[in-house]
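Below is one structure, written out as structure tokens, with a few remarks after it.
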Amino acid sequence: MAFAGVSVGLLSSLGVVGRPEGACASGNGYSACQVWQDCRSLLSFFMGGLVCCLITRRQEAEAEAQESGNLPSGDSARQLQLFASLF
């Protein structure tokens, strides 16, 4: 992921990658467009945390069920792969 960040930064400094068309225009002060952009960023951050929390709880419940012998190990391995791909 660090490689991707460095690559985008380098391409942006060279002028290959520009600002997205939907980006807010820069000007004096803090515009309503910038407020909305920040609200979307915060919402995205908290939704990501909620999804990770829900997946972790489900995995913990499945691990407890597997310890008691009520769940086959294949389902747990599949869930672990899903959780790792979300990171």
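A few points about this structure:
- Pairs, first under 27 Å from A25 (Cβ atoms) in segment 37-51, second surrounded by 10 or more Cβ atoms within 10 Å (Cβ to Cβ) and at pLDDT below 95, C-beta under 7 Å, six or more apart: Q37/C24
- Filtered residues of segment 35-72 (kept if outside any helix (DSSP H, G or I) and either open to solvent by less than 70 Å² (accessible area, probe 1.4 Å) or modelled with pLDDT of 75 or more (or both)): G69, L71
The values are calculated or read from the model by the stated rules, or taken from the named source; none is laboratory data. Since we're looking at a predicted model, the values are computed, not measured. No Cβ is skipped: glycine too gets one built from the backbone with ideal geometry, and neighbour counts run over all protein chains shown. Accessible surface areas use protein heavy atoms only, side chains included; no ligands, DNA or RNA. Shrake-Rupley method; radii C 1.70, N 1.55, O 1.52, S 1.80 Å.
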